[in-house]
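Encoded as structure tokens, the structure appears first; notes follow it.
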Amino acid sequence: MPSKCLRIREILLLWYFITCLEVSGEGAKSCFSPAYLELGKTGTIQCSFPEGFHSLVWYDTDDIFGETAIIAYDELREKDGPGYSSGEFDLHPNGSLIIRHVSTEHETTFTATLFQTPQQLPQHFQINMETVVKPLQSQPVVSSCENTLGSCYIEWTHLLDVSCRIEHSRPAIDITWFLRSSTNDEIVPSRHESSGDATTHTTAVILQDPYMYQTNLSLHVCKADDPIGLLERTETPVLLDKTDIDWSKIPVIEILGERNSNVRLTCSQQSPRIVVWKKGESVNDLVTTVYDVPSEDNFRSPMPDRWRLEANSSLTIQKVQIIDESTYACHSYDGKIEAFSVYKLKVIVYPSPVYPVIEGCLSGGYCVLEKDYTDTITCALRGIHPSVDLELQSFPPGSSEISITNPRLTIIVSNDLSDVTLTAELDFMDTSSTRHTLECIDTGENARMFTTLSTKFEVILTDRMQPDPKQSVFRPPWSYVFVVAATIVGLAFIACVLWSRTVARRRRLKRYKKQGRQHRQRYRKVEPRIYEASSYI
């Protein structure tokens, strides 16, 4: 009897292994093994069983003989089993096994027994389940670039360690440093470190001395071996700049840009593999502002406002402002040699108006001023940058007819713009000539940045002035108003006097005529008296 039972057991075992062999090819299509489920979360062992199967039983072991199923589906699609009753397991309608709270105790081999029909032998599918923990970072993290996604730039010094790390992952993820060229990636010397606890692992790789490389610019890549897919990105490229360049030995090119215009600064190489733009007050304090590796996707630093990096790696500053005045340097590498360019950008602002204004002259046109033998002249430029000096001179230069003395230059700066005012005294040395031509012109170190800013005008000696009908003498507009008004008032006064004298004369004539009539009337009324001689005898 025992031999008969043993024979039956052997037959059943042989049938089980044959079934497993028969479905081993189909198992890859029906269930995915190994299954990686995240620790501490709800996970699903994915399977894809044919629709309309009769029943399904799941075991948490690879040896199902004598074992109790953890959960089952019967022909009525009702769930049962201790795992389902406890809430630890559940089934998806397609038969996939759901684990409510994944733990390390679930790291085992699960077996799914599928009954297509009650008459057919069941199919068995074995799935190895492994727990995983995703690291906090979505890609390998390089020191000094923890908050940078996609790309990283490091100014490398002798004492700086550049490490790449993946922290708190399960299982451990291997990482390696590579030097990337235009053709391939080459493993570079590095030091590996690892640590961890009972659940997760941390791996790190530290780059060795960077000064073993000939170029100052080099592109390194930290690569992770992540077959499970715990990371979103398996590579972190790093641009290393050894900053061992003596920029003071490189010629500086001066660039002038008028405010609100576009200024383009070019690199020595037209299409480099790596380009770095630096900015500073001088070549001694340059700081990297923009970097770009065109061959890498999204490997470009954020651009400052109004900056644009062209396809040939030249830098365009749009609508340049006074604040953009600085020293700019381009460091590029084409894969074989390095190149350097240095620029000194100066922004100019022309005054308004774009010529010196002479006090007492109208804007625009030729001006003639009346002056005494000793008098002062004032000319000014308003809103210019950078500031220039002003000089008052006779024209043509070298004339000895006028002596210009005691020049006083005043510069007032507001919002980076300068108001330049020159006041000088005139002394007419040659009084035989009444007309003299003078010129107010910009001078000084910064005058070369502008087209000549000049105003010519004439002065006339007041007490020896000889009017020239061909040349009108400049007078302020209000003087003409005064002359016209005075003329009108004078004419009105004369008219009033003449009218009053006429009225008075008429009145006198009327009075004389009246008195004459009265006299004649009195003469007619007087009768002559007759004296008779007899009365006195």
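Remark: pairs (first residue in region 97-112, without any contact (Cβ under 8 Å) to a residue 40 or more places away in the chain; second residue open to solvent by 70 Å² or more (accessible area, probe 1.4 Å) and in a strand (DSSP E or B); Cβ separation under 8 Å; 6+ apart in sequence or on different chains) = 107/130.
Can you name every residue in region 117-127 that is in contact with a strand residue (DSSP E or B) (Cβ under 7 Å, 6 or more places away or on another chain) and not aromatic (Phe, Trp, Tyr)? Once the filter is applied, which keeps residues that are in contact with a strand residue (DSSP E or B) (Cβ under 7 Å, 6 or more places away or on another chain) and not aromatic (Phe, Trp, Tyr), region 117-127 yields 122, 123, 124, 126, 127.
Annotation note: of 198, 172, the sole residue that is small (Gly, Ala, Ser) and under 17 Å from residue 139 (Cβ atoms) is 172.
With respect to residue 187, is the statement that it is crowded, with 20+ Cβ neighbours inside 10 Å and of a type in the set (A, V, I, L, M) true?
no
For region 381-411, a residue qualifies if it is surrounded by fewer than 18 Cβ atoms within 10 Å (Cβ to Cβ), of a type in the set (Val, Ile, Thr) and under 20 Å from residue 449 (Cα atoms), and exactly one does: 411.
In region 261-271 there is no residue matching the filter, namely being free of Cβ contacts under 8 Å to residues at least 60 places away in the same chain, crowded, with 16+ Cβ neighbours inside 10 Å and basic (Lys, Arg). Inclusion of residue 79 among residues that are within 19 Å of residue 130 (Cα to Cα) and of a type in the set (Lys, Arg) is not warranted.
Checking each residue in region 119-148 for being more than 26 Å from residue 99 (Cα to Cα), among the aliphatic types (A, V, I, L, M) and surrounded by 14 or more Cβ atoms within 10 Å (Cβ to Cβ) picks out 141, 142. Considering the conditions (1) touching a Phe, Trp or Tyr at 6+ places or on another chain (Cβ under 6 Å); (2) open to solvent by 50 Å² or more (accessible area, probe 1.4 Å), residue 256 is excluded by exactly one of them, (1). Among the conditions (1) within 30 Å of residue 335 (Cβ to Cβ); (2) buried (at least 19 other Cβ atoms within 10 Å of the Cβ); (3) basic (Lys, Arg), residue 233 misses just one, which is (2).
For residue 177, the conditions (1) touching a residue at least 60 places away in the same chain (Cβ under 8 Å); (2) aromatic (Phe, Trp, Tyr); (3) open to solvent by less than 10 Å² (accessible area, probe 1.4 Å) are fulfilled apart from (1). Of all residue pairs spaced 6 or more apart or on separate chains, those with beta-carbon atoms under 8 Å, a first member in region 248-259 that is within 16 Å of residue 347 (Cβ to Cβ) and a second member that is β-branched (Val, Ile, Thr) and part of a helix (DSSP H, G or I) are 259/322.
If you go through region 309-323 and keep only what is at pLDDT 95 or above, on the phi < 0 side of the Ramachandran plot and open to solvent by 40 Å² or more (accessible area, probe 1.4 Å), you end up with 318, 321, 323.
The set of residues from region 325-356 being free of Cβ contacts under 8 Å to residues at least 40 places away in the same chain and within 17 Å of the chain's Cα centre (by Cα) comprises just one member, 325. Tallying residues that are open to solvent by less than 10 Å² (accessible area, probe 1.4 Å) and either over 28 Å from residue 198 (Cβ atoms) or touching a Leu at 6+ places or on another chain (Cβ under 6 Å) (or both) within region 105-118 yields 3. Within region 65-103, the set of residues being out of contact with any Cys (no Cβ under 8 Å at 6 or more places or on another chain) and on the phi > 0 side of the Ramachandran plot comprises 66, 77, 81, 87.
Counting only residues that are more than 16 Å from residue 134 (Cβ to Cβ) and touching a residue at least 24 places away in the same chain (Cβ under 8 Å), which one in region 155-173 is surrounded by the fewest Cβ atoms within 10 Å (Cβ to Cβ)?
Result: 158.
What are the residues in region 272-305 that are within 20 Å of residue 153 (Cβ to Cβ), part of a loop (DSSP other than H, G, I, E, B), within 20 Å of the chain's Cα centre (by Cα) and touching a residue at least 24 places away in the same chain (Cβ under 8 Å), if any? 286, 293, 298, 299, 301, listed by residue number. Note on region 440-479: residues that are within 30 Å of residue 386 (Cβ to Cβ) and either at pLDDT below 80 or touching a Pro at 6+ places or on another chain (Cβ under 8 Å) (or both) amount to 8. Exactly one of these conditions fails for residue 93: (1) open to solvent by less than 90 Å² (accessible area, probe 1.4 Å); (2) at pLDDT below 95. Give me its number. Here residue 93 meets the rest and fails (1).
The values are calculated or read from the model by the stated rules, or taken from the named source; none is laboratory data. Fair warning: this is a prediction, and the values are worked out from it, not measured in the lab. Methodologically, a virtual Cβ is constructed for each residue, glycine included, from the backbone with ideal geometry; neighbour enumeration extends over all protein chains shown. Surface accessibility is based on the protein's heavy atoms, side chains included, excluding ligands, DNA and RNA. Shrake-Rupley method; radii C 1.70, N 1.55, O 1.52, S 1.80 Å.
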